[in-house]
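*Asks:* What follows is a single structure, and I will ask about it in a moment.
The values are calculated or read from the model by the stated rules, or taken from the named source; none is laboratory data. Bear in mind that the values here come from a model prediction, so they are computed numbers and not experimental data. Methodologically, a virtual Cβ is constructed for each residue, glycine included, from the backbone with ideal geometry; neighbour enumeration extends over all protein chains shown. In case anyone asks, the SASA skips ligands and DNA or RNA and just uses the protein heavy atoms, side chains included. Shrake-Rupley method; radii C 1.70, N 1.55, O 1.52, S 1.80 Å.
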Amino acid sequence: MCGIVGYIGNRTASEILLKGLKRLKYRGYDSCGIGIIDNNKLIIKKSVGKVEEVAKKEDFLEVNGYGGIGHSRWATHGGITKENAHPHTDCKGELCVVHNGIISNYKELRDMLIKKGHVFKSQTDTEVIPHLIEEELKKYENPSEEDYINAVKNTIKKLDGTYALLILNKNFPNLLIGLRNESPLILGVKEDECFLGSDISAFLEWTKEIIPLEDGDMVVLRKESNNNDKDKDKTKNKNNNVIISYTIYNNNENITDRREKTIIEWDIESAEKGGYEHFMLKEIMEEPEVIKNSSKICNDEIKELAKALHNYDKVYIIAMGTSLHASMVAEYWFSKLNKLIIPCDSSEFLIKGIVDENTLVIGITQSGETYDTIKAIKYAKEKGAKTATIVNVLGSTATREADITIMMGSGIEISVCATKTYMSQLMILYRLFIEYGEVIGKDMSIYRKELENIPEYIKEVINEKERENIKNISKNLAAKNYLFISKGINLPNALEGALKFKEITYLHAEGMSSGFLKHGTISLIDENMDTVALVPPSNSNLFNSIISNIEEIKARNGKVVGVSPVNIDIVDYLIKIPDVMEEVSPFVYAPACQLLAYYKAVELGRDVDKPRGLAKSVTVE
Ligand code: GLU
């Protein structure tokens, strides 16, 4: 998940793009670049490093020209190299593209294009796009603007995956095209210039008038001399008689009139947070989009790992903190396929792991730099084990150490507290469960079908009404101590719920199986200890047992928050979640717990995004 910015108007594009990229750098920053049409030439400047460094080294500002596109990259396909930095061009260097997202069918498209003689300069998924447009344009002897727009439309039909795209073509210097499918893209409009950006902060300095584009939208920004056309919204530049118009299409239909302009009153800081008070809430709200990405990324690598799972009897998933809880969910998934995998705290692995060349060790680490997990992966390699990693940062140490790398596809997470990255980890592990099931000949189609529905289920948990409910519940919780309990596949979510809660509220919380409660902890229950119970639906064979445990808590004056798809009359408060099949349920309990922790921490005035004494990536022992 990167930052993209586009500009067309009367000012020098390089200055606007550079400012926009600096604003967007919180979205990703391993490399960056710009593409500008200057005097009928397409100039590309790009390199590895932070925006300021690259802009200086490559001298972005020396480029003149009034239309351009820029990108700061958070790599998903292809290492962090100059060649892989965006913009990407066609063979002739006439058109360029910046992209945020993942093209999941890029391998077959690339093979097809190579057969047709296209020469690729990068390893990215993105580069197929300029070559596809180039190929489409070959159909016309002397393409008109209309032909060019059609060539882009035809190209888009061939892409699977997620994208926000900006396209610039030196043969059509007055056009800037933007497209959106499941990655954010906002149009900013002004009298004599238009902007496109991954978010409003990219251009908020220059305009507050915006149109958020929707999935399937294609916007054509056109710079032209003064003439009239009913279909286009035009504003005349009083100074130099230049008009910038925008036309929005969806499914070939001109829908410009159906996309309303909104005036944004946010300042830059709240724009970066998408208008939310904290990055944590913004990142929770991004979960449906993010896990769509995670459901499409690294197909081949997941298949390869699924085969390895079949070939190795002894499998460990090593991780720390939130990632360890994701690995515990995986243990339940795989148990349904009779496959034993052992989740293990990476810092204990060197002490108790039994590792040899018949062992498969999968390390999950968001940053790819978690000290204990890296140490454990290295140890496993020394002992001859096969290794894999599930990671969010391409090029990180974990990706260099492990035999198989699977990207999580979450994009950068700014809040220290892991939320959307946990959901991505769950999605990757769920896909691994499906692939493994298929490797051993099971019919996994019911699980595969759910892949598309999961983002919708999450939306039901995080919608405004539910958020309000959770916020109110958090206000009613006055205890200093909290228990998070569950049974079965959502036990790891109870542990994760407690971790989130203590991490940002600074209140004591612990998670355990509801069965474990009677073996000691229940003696703590009184009016000073509240319980959050993750309760499965009433048709689950675990339902009655958890309800009995809740009765025991109530008998000792403990307050109980139920998180469940069913109404439970004995609980004090209820967070209602959608009723989904057991294997999918971890995706709906998790955001409910994240929101509860979030609202309690906000109410207590905690530094939500930067809780005391914590760091985003734990690179020390
Ligand atoms: N998939 C593209 C790449 O790896 C775009 C990643 C991004 O959104 O920054 O280059």
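*Asks:* Could you give the size of the charge dipole of the chain about its Cα centre, using +1 on the Cβ of each K and R and -1 on the Cβ of each D and E, expressed in debye and rounded to the nearest 20?
*Replies:* I would put it at about 660 debye.
*Asks:* I'd like the orientation of helix 106-115 relative to the chain: the angle between its Cα long axis and the longest Cα principal axis, in ° from 0 to 90, rounded to 10.
*Replies:* 40 degrees
*Asks:* Continuing with the same structure: Using a 1.4 angstrom probe, figure out how much accessible area the chain has per residue, in square angstrom, rounded to the nearest whole.
*Replies:* Dividing the accessible area of the chain by its residue count gives 39 Å².
*Asks:* For the cross-link pairs 307/381; 339/459; 139/296, which exceed 24 Å when the distance is taken from alpha carbon to alpha carbon?
*Replies:* Cα-Cα > 24 Å for 339/459; 139/296; rest within.
*Asks:* If we sort 418-427, 256-265, 76-85 on the protection proxy, mean other Cβ atoms within 10 Å, highest first, what's the order?
*Replies:* By packing density, highest mean first, the sequence is 418-427, 76-85, 256-265.
*Asks:* Ok, one more. Go through 35, 276, 247 and say which Cα lies farthest out towards the positive end of the charge dipole of the chain; charges sit on Cβ, +1 for Lys and Arg, -1 for Asp and Glu.
*Replies:* The listed residue farthest towards the positive side: 35.
*Asks:* Rounded to a whole number, what % of the accessible area of the chain do carbon and sulfur atoms account for, probe 1.4 Å?
*Replies:* Reported share for carbon and sulfur atoms: 46 percent.
*Asks:* GluC sites (Glu not before Pro), restricted to segment 310-384: which are DSSP loop and have at most 11 other Cβ atoms within 10 Å?
*Replies:* Answer in residue order: 357.
*Asks:* A follow-up question, please. Mind checking which lysines have their Cα closer than 27 Å to the Cα of residue 518? Skip sequence neighbours fewer than 8 apart in that chain.
*Replies:* 480, 487, 500, 502, 554, 559, 576
*Asks:* At 0.36 nm per residue, and after removing the present C-alpha to C-alpha distance, how many nm does the segment from residue 47 to residue 82 gain when stretched out fully?
*Replies:* Answer, rounded to one decimal: 12.1 nm.
*Asks:* Any idea what angle helix 543-555 forms with the longest principal axis of the chain, computed on alpha-carbon atoms, 0 to 90 degrees, nearest 10?
*Replies:* Tilt of helix 543-555: around 70 degrees.
*Asks:* Give, in nm to one decimal, the length gained when the segment between residue 265 and residue 579 is fully stretched (0.36 nm per residue of separation minus the Cα-Cα distance).
*Replies:* 109.2 nm
*Asks:* Moving to a separate point now. Provide the FRET efficiency to the nearest 0.05 for the residue 347-residue 521 pair, computing r from the beta carbons and using R0 = 30 Å.
*Replies:* Given R0 = 30 Å and the Cβ-Cβ separation, E is 0.80.
*Asks:* Based on the alpha-carbon gyration tensor of segment 482-538 and its eigenvalue square roots a ≥ b ≥ c, which shape applies: rounded if a/c is under 1.5, prolate if not and a/b is larger than b/c, or oblate?
*Replies:* oblate
*Asks:* Give the angle, between 0 and 90 degrees and rounded to the nearest 10, that separates the Cα long axis of helix 445-462 from the longest principal axis of the Cα atoms of the chain.
*Replies:* 90 degrees
*Asks:* Continuing with this model, one more query. Please work out the Cα center distance from segment 366-425 to segment 511-550, rounded to the nearest Å.
*Replies:* One Cα centre to the other: 33 Å.
*Asks:* First obtain the Kirkwood hydrodynamic radius of the chain from its Cα pairs, then insert it into the Stokes-Einstein equation at 10 °C and 1.306 mPa s, and state the resulting D in µm² per second as a whole number.
*Replies:* Estimated diffusion coefficient is 62 µm²/s.
*Asks:* If you don't mind, another one. List the relative contact order of the chain as a percent without decimals, with contacts defined as Cα pairs under 8 Å and 6+ residues apart.
*Replies:* Once normalised by length, the contact order is 10 percent.
*Asks:* Something else: Enter the Cα centre distance for the pair segment 169-227 and segment 288-350, rounded to the nearest angstrom.
*Replies:* If you average the Cα positions of each part, the centres end up 41 Å apart.
*Asks:* In nm, give the distance between the simple-model label positions of residue 62 and residue 158, each being 7 Å from the Cα along the Cα-to-Cβ direction.
*Replies:* 3.6 nm
*Asks:* From the cross-link list 208/282; 138/158; 82/158, which pairs have alpha carbons spaced over 22 Å apart?
*Replies:* From the list (208/282; 138/158; 82/158), the Cα-Cα distance tops 22 Å for 82/158.
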